[in-house]
Amino acid sequence: MTTLILASGSPRRRLLLGELGVPFEVRPTDVDETPLPGETAEELVRRLAVAKAEAGLAAASARSGEAVIVLAADTLVSVGGEVLGKPVDEADAARMLRLLSGSRHQVLTGVAVAWADGGAAGRAVEVEVTHVHMASWTDEQIEAYVASGEPMDKAGSYAIQEVGDRFVTEVEGSFDNVVGLPVARTRRLLADAGLDLPEPPGDQPPEV
């Protein structure tokens, strides 16, 4: 039996992974998320996702002889060439929201899978990119949103599935990706790694 591990403490990723209908364990990993000089947003989310998946696999290696698949992800926002992670404080959150106000920006999630089964091991990583159009915010709206506390653990300082959704006018691509985990891409990566997944409800054959 294969153990699936989610190497993330994000409640949003837990909910999205749960949509696949397979049991999993949550074991967050701690890696240095400092960008390298000249690193693009895509390069950064790819590198961090791999680092988290590999750290999760290393931590699970004590389970001798057990097949393990570790899923990790990292989400960032990019606008005007600037990479936005989670804000460090309220002032940083307000600064990010001013940058995003009235913009068409990118949300990028690196999704990595690392696995080991006896002597066999491997890894795969892909990046999902979604373009988000955001309406303009007033200074009063930014102040109220920051005061709510919602932006403080979100890449780009907003949550599309919560109050931030009121300011999103269009999403080009995966909505789940903006929340934090592109479900369709994740399903494919896990299946390619050998995980037995139930068919999505929409793909069930009709009853005879």
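Nothing in this text is a laboratory measurement; each read-out follows from the coordinates by a stated rule. Owing to the predicted nature of the structure, the values given are computational and were not obtained by experimental measurement. Note that we place each Cβ from the backbone using ideal geometry, even for glycine, and neighbour counts take in every protein chain shown.
Rounded, prolate or oblate for the range 101-151? Axes are the square roots of the Cα gyration tensor eigenvalues, ordered a ≥ b ≥ c, and the cut-off for rounded is a/c under 1.5.
Oblate shape, in that a/c is at least 1.5 and b/c is the bigger or equal ratio.
How big is the range 95-195 in terms of Cα radius of gyration and Dmax, in angstroms?
16.9, 58
Taking the Cβ of each residue in R166, R27 as the centre, tally the other Cβ atoms inside 10 Å and list the residues starting with the fewest.
R166, R27
Using the Cα centre of the chain as origin and beta-carbon charges of +1 (Lys, Arg) and -1 (Asp, Glu), tell me which of G102, T34, L16 is placed farthest towards the positive end of the dipole.
Result: T34.
Counting other C-beta atoms within 10 Å, which of R98, R13 has the fewest, and how do the rest follow?
Final ranking by Cβ density, sparse to dense: R98, R13.
Below 8 Å, C-alpha to C-alpha, sequence gap of six or more: please give me the relative contact order for the range 1-103 in percent.
After rounding, I find 30 percent.
Given Cβ point charges of +1 (Lys, Arg) and -1 (Asp, Glu) and nothing else, what value in debye, to the nearest 20, does the dipole of the range 3-199 about its Cα centre take?
Roughly 340 debye, rounded to the nearest 20.
Scaled to the compact-protein estimate 2.2 N^0.38 Å, what is the alpha-carbon radius of gyration of the chain, rounded to two decimal places?
Computed over Cα atoms of the chain, the ratio equals 1.08.
Can you tell me the Rg and Dmax of the range 1-110, counting just the alpha carbons, in angstroms?
16.2, 53
Which loop GluC sites (Glu not before Pro) in the range 1-84, with loop taken from DSSP, have no more than 15 other Cβ atoms within 10 angstrom of their Cβ? Walk me through the intermediate numbers first.
Numbers: sites: E19, E25, E33, E39, E42, E43, E54, E66, E82; in loops: E19, E33, E39, E66.
Here the sparse-neighbourhood loop sites are E19, E33, E39, E66.
Answer with one residue from T186, V146, G119: the one whose Cα lies farthest towards the positive end of the charge dipole of the range 3-199, charges on Cβ with Lys, Arg +1 and Asp, Glu -1.
Result: G119, furthest along the dipole toward the positive end.
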